[in-house]
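Undergrad: Questions regarding the structure given below will be posed in turn.
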Amino acid sequence: MLVNGKWTAEWHPVQAKDEKGGFVRQASSFRHWVTPEGLPGITGDGGFKAEPGRYHLYVALICPWASRTLIARKLKGLEDVVSLSVVEPWLLDEGWHFGDYPGANRDDLNQVEWLHQLYTRADANYTGRATVPVLWDKKSRTIVSNESADIVRMFNSGFGTLARSDIDLYPPEFQAEIDLLNAEIYPALNNGVYRAGFATSQISYQEACNDVFGMLDTLEKRLSDGRVYLTGDKMTEADIRLFVTLIRFDAAYHGLFKCNIRQLRQYQFLFAFTRRLLQVPGINETVNMDHIKQGYYSIKALNPNGIVPMGPDLHDYGFHEDELK
């Protein structure tokens with residue numbers, strides 16, 4: 001991580017833990033907002049006006065938080081408005097790296113080798129982890145946000161007429177329900193798999209694992225009434241936030257993170273839900289199972305020999321190559 005702008009130690013998944021040995025996630029440090037007029041958002045400073053070509057998104061295809069933003073960018077038709085860089089999948093000693101691995105690229109915008117170098121360009125004295133996603137402002141040469149939940153909402157409404165208007169991932173009539181779903185699903189499942197995988201005591205692992213499968217059971221029951229999405233027949237950000245965890249479950253969380261009471265495919269309605277979202281135009285393009293497996297299984301603390309499992313791949317979700325284009 002960075003301490004006062006200097007890289008001080010090899011990357012490790014657990015930077016903080018609670019009194020039980022439970023994993024504690026670092027809070028996002030940059031919380032500004034892009035808005036149509038450049039006014040301040042609900043946090044941060046103003047001056048970040050929605051303009052074509054001004055902003056750049058940095059992501060890792062392994063990361064569910066980054067993938068949320070990548071999906072929102074796709075669904076809102078912002079590919080030509082917000083440019084993109086993808087880091088290599090491995091979690092190396094200095095964290096995320098830019099390079100030539102298939103599906104990744106070099107940082108042609110800022111010409112840095114490591115993602116953490118972007119953080120020190122934005123704040124020369126930054127202390128903390130260098131995480132993805134990063135929304136970068138080319139004009140002021142700084143980080144707008146590294147909070148995925150905020151970036152998803154910026155892409156949904158912050159770019160005004162530059163984005164598609166026929167898709168609303170946070171519609172007013174469902175906002176209270178979406179907020180409640182997010183508040184329930186995030187600690188128990190989205191972050192729950194990490195709490196299980198990075199636990200440093202038996203009790204913290206068991207508590208996290210129980211939370212994960214308790215939430216999966218709850219969501220399976222919710223979807224069993226025939227609804228297409230979590231709030232009914234309309235896809236929202238709550239579905240995206242759930243999907244990015246589910247698509248990684250059998251590939252990484254079930255084995256490597258010891259969330260092995262059941263596989264996703266044993267949940268009839270959740271598995272169908274995952275396949276359904278994969279069929280939404282644009283979403284399957286954001287899923288790279290090779291990056292997901294290469295990335296998670298590169299975590300030395302969990303997999304010191306670096307052996308990457310052969311399965312699963314997207315064919316295990318019932319797709320053929322011509323359906324994944």
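Undergrad: If I filter the stretch 286-305 down to residues being within 19 Å of GLU94 (Cβ to Cβ) and open to solvent by 40 Å² or more (accessible area, probe 1.4 Å), which single residue comes out as modelled with the highest pLDDT?
TA: GLN294
Undergrad: Only one of these conditions is not met by HIS315: (1) out of contact with any helix residue (DSSP H, G or I) (no Cβ under 6 Å at 6 or more places or on another chain); (2) without any contact (Cβ under 8 Å) to a residue 40 or more places away in the chain; (3) open to solvent by less than 50 Å² (accessible area, probe 1.4 Å); (4) not polar (S, T, N, Q). Which number is it?
TA: Single failed check for HIS315: (3).
Undergrad: Ok, one more. If you go through the stretch 86-99 one residue at a time, do you hit one that is free of Cβ contacts under 8 Å to residues at least 60 places away in the same chain, surrounded by fewer than 19 Cβ atoms within 10 Å (Cβ to Cβ) and within 25 Å of ALA9 (Cβ to Cβ)?
TA: Yes - at least one qualifying residue is present in the stretch 86-99.
Here is a yes/no grid of residues against (1) free of Cβ contacts under 8 Å to residues at least 40 places away in the same chain; (2) part of a helix (DSSP H, G or I); (3) under 24 Å from TYR297 (Cβ atoms):
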residue: ASP239; (1), (2), (3): yes, yes, no
residue: VAL244; (1), (2), (3): no, yes, yes
residue: ALA252; (1), (2), (3): no, yes, yes
residue: LYS258; (1), (2), (3): no, no, yes
residue: ILE261; (1), (2), (3): no, no, yes
residue: ARG265; (1), (2), (3): no, yes, yes
residue: PHE269; (1), (2), (3): no, yes, no
residue: ARG276; (1), (2), (3): no, yes, no
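Undergrad: To continue, here is another question. Anything in the stretch 182-212 that is within 26 Å of THR236 (Cα to Cα), surrounded by fewer than 18 Cβ atoms within 10 Å (Cβ to Cβ) and in contact with a Gly (Cβ under 9 Å, 6 or more places away or on another chain)? List them, or say none.
TA: If the condition is that a residue be within 26 Å of THR236 (Cα to Cα), surrounded by fewer than 18 Cβ atoms within 10 Å (Cβ to Cβ) and in contact with a Gly (Cβ under 9 Å, 6 or more places away or on another chain), then TYR186 is the only one that fits.
Undergrad: Out of all the residues in the stretch 222-234, is one or more in contact with a helix residue (DSSP H, G or I) (Cβ under 6 Å, 6 or more places away or on another chain) and either part of a helix (DSSP H, G or I) or in contact (Cβ under 8 Å) with a residue 60 or more places away in the chain (or both)?
TA: yes
Listed here are the residues, each with its yes/no results for (1) surrounded by fewer than 20 Cβ atoms within 10 Å (Cβ to Cβ); (2) under 16 Å from PRO187 (Cβ atoms); (3) under 18 Å from the mean Cα position of the chain (by Cα).
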| site | (1), (2), (3) |
| --- | --- |
| GLU220 | yes, no, no |
| TYR229 | yes, no, no |
| GLY232 | yes, no, no |
| MET235 | no, no, yes |
| ALA238 | no, yes, yes |
| PHE243 | no, no, yes |
| ASP250 | no, no, yes |
| GLY255 | yes, no, no |
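The values are calculated or read from the model by the stated rules, or taken from the named source; none is laboratory data. A quick note: this is a predicted structure, and the numbers were derived from the prediction, not measured. No Cβ is skipped: glycine too gets one built from the backbone with ideal geometry, and neighbour counts run over all protein chains shown. The protein model used for the area step is the full one, side chains on, heavy atoms only, and it has no ligands, DNA or RNA in it. Shrake-Rupley method; radii C 1.70, N 1.55, O 1.52, S 1.80 Å.
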